[in-house]
Amino acid sequence: MSKSIQELQDIANEVRVSIVKMVHTANSGHMGGAMSFADMLTALFYNKLNYDPKNPKWEDRDRFVLSSGHMCAGLYTILAKIGVFDEKELWNFRQLGSPLQGHPKYNLDLGIEMSTGSLGQGLSVANGMALAARVQNKKYRVYSLETDGGSQEGMVWEAAMLAAHYKLDNRCVLFDYNNVQIDGFCSDVMDLGSVADKFKAFGWHVIEIDGHDMQACCDALDEAEKVKGKPQAIISKTTLGKGVSVFENKSKFHGTPPTDEEFAIAMKELGN
Amino acid sequence: MSLDIATREAYGKKLAALGETHPEIVVMDADLSGSTKTNIFKKQFPERFFNVGVAEQNLMGTAAGIALSGHTVFVSTFAIFATGRAWEPVRQSIAYPKANVKICATHAGITVGEDGASHQSVEDIALMSAIPGMKVMVPADAHQTMSMMDYLVKTPGPAYLRLGRATTQQVFDADYVYEEGKGAVLRDGTDVCLFTTGFVTKATLDAATRLEEKGVSASVVCMGSIKPIDADLIVAMASKHKVLFSVEEHSVVGGLGAAISEVLTSQKPARLFRLGIQDAFGQSAPYQELIKHYELDEEGIARQVLGKLAAL
Ligand SMILES: Cc1ncc(C[n+]2csc(CCOP(=O)(O)OP(=O)(O)O)c2C)c(N)n1
Ligand SMILES: [Mg+2]
């Protein structure tokens, strides 16, 4: 299902449109981070993951764990787009009885690899899946999203140590560095400093890119896959709320739904 | 005029007011100061406010150090992360040395709403109650919240205050004064006694009115303190009523109902039905729908009580 860069960019834009519509419809949810991560997420699912949307339980599939579960509107959209489930599910997001919970609930039929929402646990879980591949002599790779705010949790760094210690080269972290969390800019609330240097110091292969450069996203995923003997971290510099001027870089849009007026602006700027 | 605001809102305002008269108070948060309302204190006393980022274990450890160096520390984050993620640091670094840390956690229970199970703590009362010496308090409204905070600042040692996201309707008058470990009788009846706590207190009172119409006379007792629990009041109520109920926005495992059971089994065996979350995770939906779904609204409580009585 490999796509051209232009096609990927168009899909990522559709993902952003869907994120805004879902959160607007539910009148709750998280747009900002999901929008900053939309490009890498699209590149991963369309051009990299060894995955069969018609068989989401295939044992040899590559796995993706959304460690920062609040960014699930993007993941749900991609899973619907590639055909794991019907797109109409997206409009029941966060409603009573919907399988599309406000934060992901483990459901392999829907392609949801892990229950997340409590920050900073997914890196460990994904490491566990990678270790299991080793035990079972399987070739699959395990990707996880990590975020700047979420990586203030100590458990992230415990897991970073483990992945390097066990030389998990089937393990790749997609780090979304938008420098925003709930209470403001990360650099003001709790500065993470150089995330690249931190992962390097832990023994990871580090690739730094502009997370909104689709070619760079694809190239980084290719490079990571070739690395031997080390886990890989792709650190993407991104913009929270990317694509909508009134959302961009505003911590308010980490988790506040758009007003009708903001929704209209978003649809216009996203060309919908 | 009634004071209908969320208990987290009352907490944030009262905390800032206490900051004026109590220079020893330090406040800490873990990237949720807008939601927990500690940002009001932060604005007024930035030099006595610390945000640790998204790091609840670090929050508890740091708070312990500040408290053991002479301060009264109020720490806030969501209830599931304060009590769940950071449970062992709370036990080891706060409770064991009796550090003067007040864990005031918001977004407890299912009234979190759309965020769903990952963010809805239905186990926090159980977790905190299990720690030796930890006081566990659950205010029903804004007035009770503020009075409990007056108590907390003048009472050294660790305590857990369970606060909510959703607006609560007033239950207590402005002159209500919280007394350590004491429950409050809100309504006198003769047939059944409904023990309740926190957000569902108002709905329980309203359910009692409904029950009256159906010929069941119900007392309502608000148990603001889960630990210590008002054993004398429980025994007195058990002596006066045929059937007892507990109503809580928490798991029936390890919550108010369990605490009452522990008193009854040793002091006054009686029949108690525990209404609450029946050993389940929560889920996403607007909170009003969830309260209905779990039958913890006025109608649902009355229906459950009548159902249990009919099956006796
Ligand atoms: C363990 C834990 N603590 C606190 C929260 C509440 N919370 C949800 S998202 C968030 C900030 C996350 O910042 P970041 O990961 O950078 O996400 P972004 O704002 O970029 O979307 C916080 C504190 C949580 N979900 N889990
Ligand atoms: Mg961020």
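The values are calculated or read from the model by the stated rules, or taken from the named source; none is laboratory data. These numbers were taken from a predicted model, which means no experiment stands behind them. FYI the Cβ positions are ideal-geometry reconstructions off the backbone, even for glycines, and counts take in every protein chain you see. The protein model used for the area step is the full one, side chains on, heavy atoms only, and it has no ligands, DNA or RNA in it. Shrake-Rupley method; radii C 1.70, N 1.55, O 1.52, S 1.80 Å.
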Margin query: Could you sort the peptides A:8-17, B:52-61, A:207-216 by per-residue average Cβ neighbour count (10 Å cutoff), highest mean leading?
Written below: B:52-61, A:8-17, A:207-216
Margin query: Placing one identical point scatterer on every Cα of chain B and ignoring solvent, what is log10 I(q)/I(0) from the Debye formula at q = 0.08, 0.11, 0.13 Å⁻¹?
Written below: -0.32, -0.61, -0.86
Margin query: Ratio of alpha-carbon Rg to the 2.2 N^0.38 Å globular estimate for the stretch B:27-153, to two decimals, please.
Written below: 0.99
Next item on the list: Taking H placed 1.01 Å from N in the peptide plane, check which residues at least 5 places from B:V221 or on another chain put their amide H under 5 Å from its amide H.
Entry: B:L186, B:L194, B:F195, B:T196
Next item on the list: Within the stretch A:205-272, list the trypsin sites (Lys or Arg not before Pro) lying in a DSSP loop whose Cβ has at most 10 other Cβ atoms in a 10 Å radius.
Entry: A:K228
Checklist line | Between A and B, accessible area buried - total, square angstrom, nearest 100, 1.4 angstrom probe | finding: 1900
Margin query: Under the rule of at least 5 residues apart or a separate chain, name every residue whose amide H is placed under 5 Å from the amide H of B:K227.
Written below: B:V136
Notebook entry, point to check: Considering the dipole of the stretch B:217-286 built from charges on the beta carbon (Lys and Arg +1, Asp and Glu -1) around the Cα centre, which of B:A258, B:S217, B:F245 is farthest to its positive end?
Noted result: B:S217
Next item on the list: With +1 on each Lys and Arg Cβ and -1 on each Asp and Glu Cβ, and nothing else charged, work out how big the dipole of the protein assembly as shown is about its Cα centre, in Debye to the nearest 20.
Entry: 1200
Margin query: Going Cα to Cα from B:K227, which aspartates and glutamates come in below 14 Å? Please leave out same-chain ones fewer than 8 positions away.
Written below: B:D124, B:E179, B:E180, B:E262
Next item on the list: Step through the residues of the stretch A:218-225 one at a time and calculate ³J(HN,Hα) from phi using the Karplus curve (6.51 cos²θ - 1.76 cosθ + 1.60, θ = phi - 60°), rounding each to whole Hz and writing x for Gly and Pro.
Entry: 5, 4, 5, 4, 5, 4, 4, 4
Margin query: Placing unit charges on C-beta atoms (Lys and Arg positive, Asp and Glu negative, everything else neutral), compute the dipole magnitude of the stretch A:5-269 about its Cα centre in debye, rounded to 20.
Written below: 840
Margin query: Suppose we compare each residue of the stretch B:96-124 in its chain alone and in the full protein complex with a 1.4 Å probe; which ones drop by at least 30 Å² of accessible area?
Written below: B:E114, B:D115, B:S118, B:H119
Item checked: Shape metrics for the protein assembly as shown, restricted to C-alpha atoms - Rg then Dmax, Å -> 25.1, 77
Next item on the list: Output the antiparallel fraction of DSSP beta bridges having both residues in chain B, as a percent to the nearest 5.
Entry: 15
Notebook entry, point to check: Just counting partner chain Cβ atoms within 10 Å, what average do the residues of peptide A:67-80 show around their Cβ?
Noted result: 1
Next item on the list: Using θ = phi - 60° and the Karplus relation 6.51 cos²θ - 1.76 cosθ + 1.60, list the HN-Hα couplings for the stretch A:128-138 in order, rounded to whole Hz, with x at every Gly or Pro.
Entry: x, 5, 5, 5, 4, 4, 5, 4, 8, 6, 9
Next item on the list: Quick one: which residues, 5 or more positions from A:E146 or on another chain, have an amide H under 5 Å from its amide H? H modelled 1.01 Å from N in the peptide plane, none for Pro or chain starts.
Entry: A:L174, A:F175, A:D176
Check: With each run of n ≥ 4 DSSP H residues scored as -39500 (n - 2.57), what mean residue ellipticity at 222 nm is computed for chain B after dividing by its residue count and rounding to the nearest 500 deg cm²/dmol?
Finding: -10500 deg cm²/dmol
Item checked: Area projected by the alpha carbon convex hull of the stretch A:5-269, averaged over all directions, nm² -> 12.6
Note to self: In whole Hz and in residue order, list the ³J(HN,Hα) couplings for the stretch B:62-75 that follow from phi through the Karplus curve 6.51 cos²θ - 1.76 cosθ + 1.60, θ = phi - 60°; x for Gly and Pro.
What the structure shows: 5, 4, 4, x, 5, 5, 6, 9, x, 10, 8, 10, 9, 10
Check: Probe 1.4 Å, all protein chains in place: accessible area of A:C72 in Å², nearest 10?
Finding: 0
Check: Taking each residue of B:23-31 in turn, how many C-beta atoms of other protein chains fall within 10 Å of its C-beta, and what is the average?
Finding: 2
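What fraction of the Cα pairs in the stretch A:74-210, stated in percent, has a spacing above 22 angstrom?
Counting every Cα pair in the stretch A:74-210, those more than 22 Å apart make up 47 percent.
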Check: Over all residues in A:178-188, what is the mean tally of Cβ atoms on other chains that come within 10 Å of each residue's Cβ?
Finding: 3
Item checked: Carbon plus sulfur fraction of accessible area for the stretch A:184-272, probe 1.4 Å, in percent -> 51
Notebook entry, point to check: What is the spin-label model distance, in nm, from A:E261 to A:M161 if the labels are put 7 Å beyond Cα along the C-beta direction?
Noted result: 5.1
Next item on the list: May I ask you to order B:94-107, A:153-166, A:126-139 by the average number of other C-beta atoms within 10 Å around their residues, highest value first?
Entry: B:94-107, A:153-166, A:126-139
Margin query: Can you compute the charge dipole magnitude of the stretch B:184-311 about its Cα centre, using +1 on each Lys and Arg Cβ and -1 on each Asp and Glu Cβ, nothing else charged? Give it in debye, rounded to the nearest 20.
Written below: 360
Next item on the list: Tell me what chain A gives for mean residue ellipticity at 222 nm when only DSSP H runs of n ≥ 4 count, each as -39,500 (n - 2.57), the sum divided by the residue total, rounded to 500 deg cm²/dmol.
Entry: -12500 deg cm²/dmol
Check: Taking only C-alpha pairs under 8 Å that are 6+ residues apart, what is the relative contact order of chain B in percent?
Finding: 18
Margin query: What is the sum of charges, Lys and Arg at +1 and Asp and Glu at -1, for the other residues whose Cβ falls under 10 Å from the Cβ of A:C72?
Written below: +2
Next item on the list: Give the residue from B:G65, B:A130, B:S33 lying farthest towards the positive end of the charge dipole for the stretch B:5-168; charges sit on Cβ (+1 for Lys and Arg, -1 for Asp and Glu) and the dipole is referred to the Cα centre.
Entry: B:G65
Next item on the list: Calculate the length of the line joining the C-alpha centroid of the stretch A:32-95 to that of the stretch B:166-180, in whole Å.
Entry: 46
Item checked: Area of A:Y177 that stays accessible when all protein chains are in place (1.4 Å probe, Å², to 10) -> 40
Next item on the list: Would you mind working out the accessible area per residue for the protein assembly as shown, using a 1.4 Å probe, and quoting it in Å²?
Entry: 37
Notebook entry, point to check: Given the protein chains as shown and a 1.4 Å probe, how many square angstrom of A:E262 are accessible, to the nearest 10?
Noted result: 30
Check: Setting aside same-chain residues fewer than 8 positions from A:K138, which lysines have a Cα under 30 Å from its Cα?
Finding: A:K3, A:K48, A:K54, A:K57, A:K81, A:K105, A:K167, A:K198, A:K200, A:K226, A:K228, A:K230
